[in-house]
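Okay, so here's the structure we're looking at.
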Amino acid sequence: MRKHPVIAVSFTAGALAVLVAAPAQAAEYTSALKVRGIQYDAPGSDSNRCTTGNTHQEYLTIKNYSSSATVNLKGYVVKDKTGNRFAFTANHYLQPGDYVKLRGGNGNDSDVNNVVYRDNCNFMWNNDADTIYLYKPAGSRADVHSYTKSNNDRDGNGYIGYHG
């Protein structure tokens with residue numbers, strides 16, 4: 001009976017070593033695309049009416065941080081904590097250092113104006129707190145960001161910038 005406690009302790013110590021190492025690597029993703037900023041609280045009184053609402057003023061900025069690779073957004077997926085999602089279904093190329101604003105509401109996608117519309121007039125991001133997930137076409141995570149209005153938005157304007 002003495003062997004079992006020794007084995008259990010060894011297993012537990014090994015498991016703890018893995019758990020301690022995992023969080024340090026958990027936030028590191030190998031992707032040129034990263035969330036650069038989010039306008040999670042559209043200016044004005046929230047209205048998701050397609051014709052007169054302000055969902056188009058809610059947006060997520062995704063930037064290509066590569067110094068040499070052009071990235072096609074087709075197949076990338078953006079989700080929030082509750083499962084709201086948007087999939088880039090058309091080709092949209094980001095040159096090195098370029099960005100795109102994924103806006104709510106309806107409009108014309110444009111490489112020239114760096115904008116893609118979700119063609120959905122419902123708000124995607126919560127005004128108090130949320131988590132943003134960016135997934136590569138193959139399904140692996142490219143980036144993740146969580147925010148709370150009280151901790152991340154110092155001036156209270158509903159915009160949070162990341163990375164620089």
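The values are calculated or read from the model by the stated rules, or taken from the named source; none is laboratory data. Since the model is a prediction, treat every value here as computed from it, not as a measurement. Every residue, glycine among them, receives a Cβ derived from its backbone with ideal geometry; neighbour counts consider all protein chains shown. Accessible surface is based on the protein model in full, side chains and every heavy atom, while ligands, DNA and RNA are left aside. Shrake-Rupley method; radii C 1.70, N 1.55, O 1.52, S 1.80 Å.
The local environment of Asn108, defined by Cβ-Cβ distances under 14 Å, has a net charge of 0 under the rule Lys, Arg +1 and Asp, Glu -1. Evaluating 6.51 cos²θ - 1.76 cosθ + 1.60 at θ = phi - 60° for every residue in segment 43-57, the Karplus couplings come out as x, x, 7, 4, 8, 9, 6, 5, 8, 10, x, 10, 5, 5, 8 Hz, glycine and proline recorded as x. For Ser146 and Lys74, the difference between the fully extended length at 0.36 nm per residue and the C-alpha to C-alpha distance is 23.5 nm.
Each principal axis of the Cα cloud of segment 37-164 was evaluated for its coordinate range; sorted largest first, these ranges are 40, 33, 25 Å.
Across segment 153-159, rounded Karplus estimates of 3J(HN,Hα) from the backbone phi angles (6.51 cos²θ - 1.76 cosθ + 1.60, θ = phi - 60°) give 10, 5, 9, x, 8, x, 10 Hz, Gly and Pro being marked x.
A Cβ-based charge dipole, computed about the Cα centre of segment 73-148 with Lys and Arg at +1 and Asp and Glu at -1, lands at about 220 debye. Computed over the alpha-carbon pairs of segment 115-164, the distance histogram in 5 Å steps reads 4, 15, 21, 23, 23, 10, 3, 0 percent, short to long. Amide hydrogen proximity for Ala129: with H placed 1.01 Å from N in the peptide plane, the residues at 5 or more positions away or on another chain lying under 5 Å are Lys149. Under 11 Å from the Cβ of Ile38, count the other residues' Cβ atoms, weight Lys and Arg +1, Asp and Glu -1, and hand me the total. Once all neighbours under 11 Å are counted, the net charge is -3.
For the residues Thr89, Thr131, a 1.4 Å probe over the protein chains yields an accessible-area ranking, largest first, of Thr89, Thr131. Working note: Karplus 6.51/-1.76/1.60 with θ = phi - 60° gives segment 71-79 the couplings 10, 8, 6, 4, x, 5, 10, 10, 10 Hz, where Gly and Pro are set to x. Using the average count of surrounding beta-carbon atoms within 10 Å as a protection proxy, the listed peptides 45-53, 78-86 rank, highest first, as 78-86, 45-53.
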